[in-house]
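Take a look at the structure below.
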Amino acid sequence: MATISGLSFFQSLEIQGRVLHALMMRELITRFGRDNLGVLWLVGEPMIFTLGVTTLWSAAGLAHGGTGIPIVAFAVTGYSSVLMWRNATSHCIGGIEQNKPLLFHRSVLIIDVFLTRIALEIIGATSSFIVLSLFFIFIGWMPVPNNLLIVLAGWIMLAWLGASLALLVGAGTAFSHLVHRLWHPVSYLLFPMSGAAFMVEWLPKRLQDVVLYLPMVHGVELLRHGYFGNVVRTHYDIGYMAKCCLVLTLCGLYAVREASRRVEF
Amino acid sequence: MLSVEHVSKTYETRHGPYKVFDNVSFALRRGRNLGILGRNGAGKSTMIRLISGAERPTTGRIRRGMRISWPLAFAGAFAHNLTGLDNLKFVCRVYGIDYKPLVPFVEDFTELGTFFREPVMHYSHGMMTRLAFALSMAIEFDCFLIDEAMIVGDVRFHERCHYELFQKRKDRAFILVSHDVNAIKTYCENAVVLHEGRLFAFPNVDAAYTFYLQTLVEKPEVIEQWRM
């Protein structure tokens, strides 16, 4: 297959593969350095956040009310989901500005910078979720997941949402500084509405209809359905979430392409 | 073959669009070289960024039929808490080559000693430039982009650069950008002048030089004569 660059699809894939590898190694050292735990902070940082939130929510008795959900499991599944849809975007926001000089290497593209950061955030959040779950299951504070496949499906949907949002918002910074300014308040305000700290079932019907417009709520509900099984009643529509993610992905890819044309030194 | 075809570049400024150059075309064949002269702010560095692909032209296109380097001795892409060795590994990974056989050359050229394995943020400006130049030499290119203003160092460094670039790699193409006529006269077989958004071509370096001197003192009638 001939492309504009004159390279075959597989040649291009090979180049992109080695660029992503190079960027990932570089990013790991620039972000975490070689001192103390080094690269382990990729997992350590989200773990500390999740543990902190778990402690606070346990102390506040957030999941009480005879719901039958263990508070630790509720907090770990909830906050880990937030990390999934939020962190990749937060790290992609400075991506263009911080990596612009790398564009002097012909094969490094804006999209590679974003894909690297998205991959690292997903790896970090996923490892943190797995390590914490195994630990709490081992000491008996968390039950074993009811259906691992559904948990995985929820996790993948949240990863997709996080990745598409990161592409769109990250590329958006090339168009306006407002994107940079607005993302932090928006993500802060989305957090309490994201379904991390409540189950949709607990809300009054009118409020349920509102929060279910947010795609992340569907992901968290799916994840918790998988984790707790029928102990809780969950509300989600995977078709709706997939549509949101698809639209975000297409808009994101388009924005990245346009942003690449706008890069200025 | 590198060909720059009807390229324009416009930047948005607070006072409206600013056109750096308009409808610029030229070509460079393998093994040949070209000097680009221009006063400060004539768009020389912009041209280098466009050719290297870091920025895209507003209109027109640039075709690259050969491997074109990043601007020689460009140190801006170094991550500051990466060591010299890390930065070597990074460019080697990007270009798909093994870094190990290159370590002796880079260590020898940069004369960094133990600093080669120290973070770049502890380097002096000269150390940074030597490392950047060595990395440019570590990767094989068909055409080098050279912004003369970037290669600042002592006499010894200049001699070694000269040897690596113009003797060991004299079969390669290069584009040398400068506001210094002597550099262009010494190294280039032909030259063009960027002036007020236009590119002026000449039969030889001397003609380009004469014209360039006129642009420095702003003689409109001479400039008009060469307008294409």
Count of residues meeting criterion [more than 7 Å from chain A (Cβ to nearest Cβ), outside any helix (DSSP H, G or I) and aliphatic (A, V, I, L, M)] in the stretch B:81-97: 1
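What about residue B:78, is it touching a residue at least 60 places away in the same chain (Cβ under 8 Å), within 11 Å of chain A (Cβ to nearest Cβ) and not in a helix (DSSP H, G or I)? If you could, list the steps in order and put the result at the bottom.
On the way: touching a residue at least 60 places away in the same chain (Cβ under 8 Å): no; within 11 Å of chain A (Cβ to nearest Cβ): yes; not in a helix (DSSP H, G or I): yes.
So residue B:78 does not fit the description; no.
Which residue out of A:43, A:76, A:19, A:82 is buried (at least 19 other Cβ atoms within 10 Å of the Cβ), within 13 Å of chain B (Cβ to nearest Cβ) and at pLDDT 90 or above? Outline the logic, then answer.
Details: A:43 fails: within 13 Å of chain B (Cβ to nearest Cβ); A:76 fails: within 13 Å of chain B (Cβ to nearest Cβ); A:82 fails: within 13 Å of chain B (Cβ to nearest Cβ).
Just one listed residue meets the conditions, A:19.
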- prompt: Which condition breaks for residue A:240 when tested against (1) within 14 Å of another protein chain (Cβ to nearest Cβ); (2) under 16 Å from residue A:164 (Cα atoms)?
  reply: (1)
query: Which numbered condition trips up residue B:133, out of (1) touching a Cys at 6+ places or on another chain (Cβ under 9 Å); (2) at the interface with another protein chain (Cβ under 10 Å from one of its Cβ atoms)?
result: (2)
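Take the residues in the stretch A:93-110 that are more than 7 Å from every other protein chain (Cβ to nearest Cβ) and outside any helix (DSSP H, G or I); name whichever of them is modelled with the lowest pLDDT.
Initial filter on the stretch A:93-110 (more than 7 Å from every other protein chain (Cβ to nearest Cβ)): A:93-100, A:109-110.
Among the residues that remain, those that are also outside any helix (DSSP H, G or I) are: A:93-94, A:109.
Numbers: A:93: 93, A:94: 89, A:109: 93.
For the stretch A:93-110, the residue satisfying everything is A:94.
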Out of A:109, A:115, sole residue that is farther than 30 Å from residue A:146 by Cβ and buried (at least 21 other Cβ atoms within 10 Å of the Cβ): A:115
message: Considering only the stretch A:62-70, I want to know if a residue exists there that is among the hydrophobic types (A, V, I, L, M, F, W, C), in a helix (DSSP H, G or I) and touching a helix residue (DSSP H, G or I) at 6+ places or on another chain (Cβ under 7 Å).
response: no
query: Would you call residue A:13 over 23 Å from the mean Cα position of the chain (by Cα), under 24 Å from residue B:98 (Cβ atoms) and either away from every other protein chain (no Cβ under 14 Å) or modelled with pLDDT of 90 or more (or both)?
result: yes
field: Residue check, residue A:227 farther than 30 Å from residue B:52 by Cα, in contact with a helix residue (DSSP H, G or I) (Cβ under 8 Å, 6 or more places away or on another chain) and either part of a loop (DSSP other than H, G, I, E, B) or within 14 Å of chain B (Cβ to nearest Cβ) (or both)
entry: no
message: Just the residues that are within 14 Å of chain A (Cβ to nearest Cβ), surrounded by 15 or more Cβ atoms within 10 Å (Cβ to Cβ) and not aromatic (Phe, Trp, Tyr), please, taken from the stretch B:98-124.
response: B:118, B:119, B:120
message: For the stretch B:1-48, give me the residue count where each residue is aromatic (Phe, Trp, Tyr) and under 21 Å from residue B:172 (Cβ atoms).
response: 1
message: Which pairs turn up if I take residues in the stretch A:225-246 that are basic (Lys, Arg) and look for partners that are assigned to a helix (DSSP H, G or I) with beta carbon separation below 6 Å, at least 6 apart in sequence or on another chain?
response: A:233/A:201
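The values are calculated or read from the model by the stated rules, or taken from the named source; none is laboratory data. Quick caveat: nothing in here was measured; it's all calculated off a predicted structure. Note that we place each Cβ from the backbone using ideal geometry, even for glycine, and neighbour counts take in every protein chain shown.
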